[in-house]
Amino acid sequence: MLRARRLVMALSALALAAGTGAATAGPVQADAGSRVSTGVGADADARQRGFADCPRLSELPEGADPAAWRCEAMTATGHLTLGRVSVPIDRPLAITFAEGRVDGEFRQVFGAMAATPLRVRGTPLSITPRYGGYSDFESNDERRGELDLTFRISGPGVPRGCSIGTDAAPVHLVLKETDPSRVVSPDPLIVAFGVADNRFAAPGTSGCGRLGPVLDKVLRLPAPAGVNGIDLDARVALRSYGEAW
């Protein structure tokens, strides 16, 4: 109880302090969507797993022709702003998914997501991007893709379920292209591009117990559209399910 009180007092003091809460990368731990990767080596995991987290053939929709389906393994670095927190994403987050057509209809199957916690400078807190249960990576003239995320908050005395956004009400990103696709490698095929969303709103914290109001004050949440943003430089490796795995 005393430790929790001290944390509340420390965070309250930070909430009254001037400055912008820049952040740096913190301890390593990964999170995933349908398949979870965790452990001390998670940062290397995010960089190196590649096609290991592709959905299995058995997970593709009924009627999917493997030769017409491919797995895409994306890694991305960049920058994230949520309320007061400005976070460089200098250790790649990784997203893996499959896509193709069944009876002429475009379909997708999510594989996994891995991300490194980001330490909020000047506090004992870290935030970790997590898959929020929805993705749509079919590009069109309006956007490059859409993705739901939640952001787990961790630190001394912070309840395990504490987060920005929840599975029921995640942060919804509509990613616009900022840098057109270019081929980095023809074999294996790897393309690079840039995307961003600077128009989403960030909700207040959830599942944080008595620390919720203090964390909201420290992180300046909820934060309206126009205050938050995510900018990513992405690389995607592509592999056909028709190849030998």
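The values are calculated or read from the model by the stated rules, or taken from the named source; none is laboratory data. Keep in mind it's a predicted model, so treat the numbers as computed, not measured. Don't worry about glycine lacking a Cβ; one is built from the backbone with ideal geometry, like all the others, and counts go over all protein chains shown. To get the accessible areas, we keep the full protein, side chains included, count just its heavy atoms, and leave off ligands, DNA and RNA. Shrake-Rupley method; radii C 1.70, N 1.55, O 1.52, S 1.80 Å.
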Query raised in the report: Scanning for something modelled with pLDDT of 95 or more, farther than 18 Å from CYS162 by Cα, out of contact with any Leu (no Cβ under 7 Å at 6 or more places or on another chain) and among the basic types (Lys, Arg), does the stretch 104-112 turn up at least one residue?
Result: yes
Query raised in the report: Could you give every pair whose Cβ atoms fall below 6 Å, whose first residue belongs to the stretch 222-242 and is under 10 Å from THR81 (Cα atoms), and whose second residue is crowded, with 16+ Cβ neighbours inside 10 Å and among the hydroxyl-bearing types (Ser, Thr, Tyr), counting only separations of at least 6 or pairs across chains?
Result: ASN228/THR81; GLY229/THR81
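Output the number of residues of the stretch 222-240 satisfying the condition of being assigned to a strand (DSSP E or B) and either crowded, with 17+ Cβ neighbours inside 10 Å or of a type outside the set (Lys, Arg) (or both).
12
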**Report entry** Which listed residue is in contact with a helix residue (DSSP H, G or I) (Cβ under 7 Å, 6 or more places away or on another chain), more than 18 Å from VAL87 (Cβ to Cβ) and of a type outside the set (Phe, Trp, Tyr), from GLY145, GLY111
**Finding:** GLY111
**Report entry** Identity of the residue in the stretch 76-101, within 19 Å of LYS217 (Cα to Cα) and among the β-branched types (Val, Ile, Thr), that ends up most open to solvent (accessible area, probe 1.4 Å)
**Finding:** THR81
Query raised in the report: Scanning the stretch 52-75 for residues that are touching a strand residue (DSSP E or B) at 6+ places or on another chain (Cβ under 6 Å) and open to solvent by 50 Å² or more (accessible area, probe 1.4 Å), which turns out farthest from THR116 (Cα to Cα)?
Result: GLY63
Report task. Inspect all residues belonging to the stretch 135-149 and state whether any of them is in a loop (DSSP other than H, G, I, E, B) and open to solvent by less than 10 Å² (accessible area, probe 1.4 Å). Result -> no
